[in-house]
Amino acid sequence: MCLAIYKWSDEEVAATLNRMGLLTGQGLTWNSLRVASYRQTSGIHGYESAVKDGRWLTMVEAAAKAGVSRHQIRKLIKSGTLPARQVLFDAPWQIQAADLDRPDVRRALCGCRHHAGRPCRNSRDDRTLKIPGT
């Protein structure tokens, strides 16, 4: 948990802990206040958005910067076109902003921008539907 706290907001850490099925010591689900309290009592410095220097992006930030949907960014990550990492399984993706400018990533993103919020489709089926008996 400590690694994630250094990279992500309390809200993102809480969401990740809940997705993993981890509970607080009192058996409660996590929220940003509980994560902040844990950090404070454990002496762990938290995430400060002002410190973000733009070198690493979340999936949402990468999608906004590229002008595509999160689904399209996720698809590029899964295909291996866009390098990304997670601090631990099911944690938010970390994407280097510079990787969005790689030629192969730009080509892949260029083909997706006109779909605004819909999944990329590499092929189109122009066949006419034939309904028997008509």
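The values are calculated or read from the model by the stated rules, or taken from the named source; none is laboratory data. Worth saying up front: this structure is predicted, and the values here are computed from it rather than measured. Every residue, glycine among them, receives a Cβ derived from its backbone with ideal geometry; neighbour counts consider all protein chains shown.
The table below lists the values:
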| read-out | value |
| --- | --- |
| Neighbours by Cβ (under 6 Å, 6+ apart or cross-chain): first from the stretch 59-73, closer than 12 Å to Ala97 by Cβ; second in a helix (DSSP H, G or I) | Ala62/Ile73; Ala66/Leu100; Ala66/Leu109 |
| Flag for Arg107 being over 28 Å from Met20 (Cα atoms) and at pLDDT 80 or above | yes |
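A quick yes/no check of all residues on (1) loosely packed, with under 13 Cβ neighbours inside 10 Å; (2) modelled with pLDDT under 95; (3) not aromatic (Phe, Trp, Tyr):
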| position | (1), (2), (3) |
| --- | --- |
| Arg70 | no, yes, yes |
| Leu82 | no, no, yes |
| Trp93 | no, yes, no |
| Ala97 | no, yes, yes |
